[in-house]
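This report refers to the structure that appears directly beneath it.
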Amino acid sequence: MTEKLSILGSTGSIGTQALDVCENAGIAVTALTANSNAKLIEAQARKFKPKMVALADEVAAKELKIRLGDTDIKVLGGQKGVCECAAEETADTVLNGIVGMAGLEPTLTALGAKKGLALANKETLVAGGSLVTRTAKENNIRILPVDSEHSAIFQCLQGMNKKQELKSIILTASGGPFFGKTRAELENVTVAEALRHPNWSMGAKITVDSATMMNKGLELIEAVWLFDVSPSEIQIVVHRESVVHSLIEYVDNSVIAQLGVPDMRIPIQYALTYPERIPSPVKRLSLSDYKSLTFSKPDYETFRCINLCRSAIEKGGLFPAIANGANEKANELFRKGKVGFLQIADLVEAAISNGVSKDNYTLSDVLEADRAAREFVESHVR
Ligand code: NDP
Ligand code: MG
């Protein structure tokens with residue numbers, strides 16, 4: 001059970017809900033970080049009284065230093081400052097709720113400092129999977145998943161006797177706002193339409209990833225690294241209601257699922273209280289309110305990103321980093337109105353075909369693959 005927690009990305013959707021969990025569970029907050037939202041992190045710092053805070057944006061960090069001038073909270077800036085918060089010495093656990101590749105070095109820093117790691121920042125496990133899991137192993141740290149599907153699998157696995165008894169993992173997907181739509185109907189969808197998720201309220205990047213279903217592809221790769229399974233052992237099923245958060249299948253064909261209302265405070269709390277459980281303010285699940293739960297096959301032709309991610313992890317090496325980097329850029333360009341919705345998958349596919357990989361990669365290889373994939377996407381849009 002976590003007693004002292006540093007939260008990276010505290011101003012985001014995961015970060016603010018993590019602070020709610022800390023308040024309810026009586027977990028002390030030792031460090032907070034964000035990118036540039038000085039106003040919100042100031043309010044959080046005044047309320048939770050961490051020892052240090054950091055903003056990745058140096059200009060915003062200067063503003064925060066002035067804002068918190070009357071307190072004894074240490075204010076840091078830049079990626080270096082964020083990493084210093086990830087290693088804050090009194091914390092036993094770090095929750096990484098940063099969006100995107102900016103979370104990679106903070107994750108490695110937290111692991112290197114032997115902190116427990118509650119990981120929401122899936123992009124960095126996708127891009128640097130072998131690096132992150134090796135660093136965790138070397139430091140004897142078990143990565144605790146925050147992503148709801150992976151938390152569900154992790155919870156289902158608590159009853160597992162031996163690894164050989166696990167047959168498959170079944171990831172559920174809500175299908176996002178465009179479930180049931182044809183490619184022709186998706187040609188001209190707007191950013192506002194893509195941001196209207198039916199079940200979850202999340203940051204903009206992951207909400208667009210849910211609309212393209214790239215999110216499910218990233219989660220497939222995330223599951224490969226977290227649970228040490230091969231991509232062929234992972235099935236994906238669309239479940240519109242987001243009540244069954246994922247399932248595991250044993251060799252005797254017995255299937256175990258984890259259920260709950262769609263509220264991220266459940267998986268966040270479990271990652272922080274593991275192996276214990278404590279009461280939560282989240283609404284109880286009333287199955288009879290739902291009447292029926294539905295399950296169907298994903299439409300792989302329309303939502304091409306799922307299989308692009310599957311092929312990236314099957315190819316291995318730096319291909320997941322290339323797929324992720326290309327998606328981060330294409331997703332951003334879509335949100336800025338610079339590319340169409342269907343172009344996101346096309347750009348990810350082209351970046352993978354064009355990408356150069358290598359096995360046994362280092363941190364600088366991952367960062368370079370990410371940079372090259374982004375540059376590739378940018379140059380194909382201009
Ligand atoms: P948000 O966009 O809501 O929040 C992102 C956080 O990261 C903010 O605190 C932001 O700071 C900070 N940040 C952004 N860029 C940088 C940077 N360059 N350096 C340091 N910090 C940065 O995202 P979410 O909370 O939705 O998602 C966070 C992660 O969790 C993602 O990886 C996502 O895939 C994963 N996740 C999210 C779920 C959800 O329900 N939201 C569910 C499952 C997984 P600032 O506010 O200053 O910009
Ligand atoms: Mg998820």
State whether the residues of segment 180-187 include one that is buried (at least 18 other Cβ atoms within 10 Å of the Cβ) and under 22 Å from Met264 (Cβ atoms).
-> no
Those residues that are over 23 Å from the mean Cα position of the chain (by Cα) and assigned to a helix (DSSP H, G or I), I need them from segment 344-364; list them, please.
-> Ala350, Ser353, Asn354
Residue satisfying all of: in segment 253-265; farther than 20 Å from Leu119 by Cβ and without any contact (Cβ under 8 Å) to a residue 60 or more places away in the chain; surrounded by the most Cβ atoms within 10 Å (Cβ to Cβ) among these | Val261
Being touching a residue at least 24 places away in the same chain (Cβ under 8 Å), crowded, with 18+ Cβ neighbours inside 10 Å and touching a Lys or Arg at 6+ places or on another chain (Cβ under 8 Å) narrows Glu378, Glu332 down to just Glu332
Can you run down the residue pairs with Cβ atoms below 6 Å, 6 or more apart or on separate chains, where the first is in segment 122-140 and basic (Lys, Arg) and the partner is within 16 Å of ligand 2 (Cβ to nearest atom)?
-> Lys122/Asp147; Lys122/Leu218; Lys122/Glu222
Residues that are in contact (Cβ under 8 Å) with a residue 40 or more places away in the chain, surrounded by 19 or more Cβ atoms within 10 Å (Cβ to Cβ), within 13 Å of ligand 1 (Cβ to nearest atom) and farther than 18 Å from Gly78 by Cα, drawn from segment 5-20 = Ser13, Ile14, Gly15, Gln17, Ala18
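Every residue, every condition in (1) free of Cβ contacts under 8 Å to residues at least 12 places away in the same chain; (2) out of contact with any His (no Cβ under 9 Å at 6 or more places or on another chain); (3) within 12 Å of ligand 1 (Cβ to nearest atom), yes or no:
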site: Asp147; (1), (2), (3): no, yes, yes
site: Leu186; (1), (2), (3): no, yes, no
site: Glu222; (1), (2), (3): no, no, yes
site: Trp225; (1), (2), (3): no, yes, no
site: Pro231; (1), (2), (3): no, yes, no
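Filtering segment 21-57 down to residues that are polar (S, T, N, Q) and open to solvent by 40 Å² or more (accessible area, probe 1.4 Å), which residue is farthest from ligand 2 (Cβ to nearest atom)? So that I can check it myself, show each step before the final result.
Step one: list which residues in segment 21-57 are polar (S, T, N, Q), which gives 24, 30, 33, 35-37, 44.
In the following step, the residues that additionally are open to solvent by 40 Å² or more (accessible area, probe 1.4 Å) were identified as 24, 35-37.
On the way: Asn24: 22, Asn35: 22, Ser36: 25, Asn37: 23 Å.
Residue satisfying both the conditions and the ranking: Ser36.
Quick one: count up the residues across segment 47-99 that are charged (D, E, K, R) and touching an Asp or Glu at 6+ places or on another chain (Cβ under 7 Å). Step through it out loud before you land on a result.
Filtering segment 47-99 for residues charged (D, E, K, R) gives 47, 49, 51, 57-58, 62-63, 65, 67, 70, 72, 74, 80, 84, 88-89, 92.
In the following step, the residues that additionally are touching an Asp or Glu at 6+ places or on another chain (Cβ under 7 Å) were identified as 51, 67, 92.
Selection size over segment 47-99: 3.
Of all helices (runs of 4 or more DSSP H) completely enclosed by segment 204-303, which ones contain at least 2 residues that are under 20 Å from Gln17 (Cα atoms)? Even if it seems obvious, please write down each step before you answer.
Values: elements: 204-212, 214-227, 265-273, 287-290.
Helices (runs of 4 or more DSSP H) meeting the threshold: 204-212, 265-273.
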Check segment 85-101 and report whether any residue there is within 16 Å of ligand 2 (Cβ to nearest atom), open to solvent by less than 30 Å² (accessible area, probe 1.4 Å), within 30 Å of Ala321 (Cβ to Cβ) and in a strand (DSSP E or B).
-> yes
Every residue from segment 177-201 that is modelled with pLDDT under 95 and among the hydrophobic types (A, V, I, L, M, F, W, C) | Trp200
Which members of segment 125-155 meet the condition of being away from ligand 2 (no atom under 15 Å from the Cβ) and open to solvent by less than 10 Å² (accessible area, probe 1.4 Å)?
-> Ala127, Gly128, Gly129, Val132, Ala136
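Determine, yes or no, whether Gly159 is modelled with pLDDT under 95 and away from ligand 2 (no atom under 15 Å from the Cβ). Don't jump to the end; show me each part of the working.
Working: modelled with pLDDT under 95: yes; away from ligand 2 (no atom under 15 Å from the Cβ): yes.
For Gly159, the condition - modelled with pLDDT under 95 and away from ligand 2 (no atom under 15 Å from the Cβ) - is met.
For Asn121, are the conditions met, namely being away from ligand 2 (no atom under 16 Å from the Cβ) and either within 27 Å of Ile170 (Cα to Cα) or open to solvent by 10 Å² or more (accessible area, probe 1.4 Å) (or both)?
On the way: away from ligand 2 (no atom under 16 Å from the Cβ): no; either within 27 Å of Ile170 (Cα to Cα) or open to solvent by 10 Å² or more (accessible area, probe 1.4 Å) (or both): yes.
Judged against the criteria, Asn121 is not a match.
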Under 24 Å from Ala204 (Cα atoms) and either among the polar types (S, T, N, Q) or open to solvent by 10 Å² or more (accessible area, probe 1.4 Å) (or both): does that describe Lys315?
-> no
What's the number of the condition Ser168 fails, among (1) open to solvent by less than 20 Å² (accessible area, probe 1.4 Å); (2) of a type outside the set (A, V, I, L, M, F, W, C); (3) within 16 Å of ligand 2 (Cβ to nearest atom)?
-> (3)
Members of segment 339-354 that are in contact with a helix residue (DSSP H, G or I) (Cβ under 6 Å, 6 or more places away or on another chain) and either under 17 Å from Leu195 (Cα atoms) or in contact (Cβ under 8 Å) with a residue 40 or more places away in the chain (or both) = Val339, Phe341, Leu342, Ile344, Ala345, Val348, Glu349, Ile352
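The values are calculated or read from the model by the stated rules, or taken from the named source; none is laboratory data. Because the structure is predicted, anything quoted here is derived from the model rather than measured. When we count neighbours, we look across all protein chains shown, and the Cβ atoms used for this are built from the backbone with ideal geometry, even at glycine. Only protein heavy atoms, including side chains, enter the accessible area calculation; ligands, DNA and RNA are left aside. Shrake-Rupley method; radii C 1.70, N 1.55, O 1.52, S 1.80 Å.
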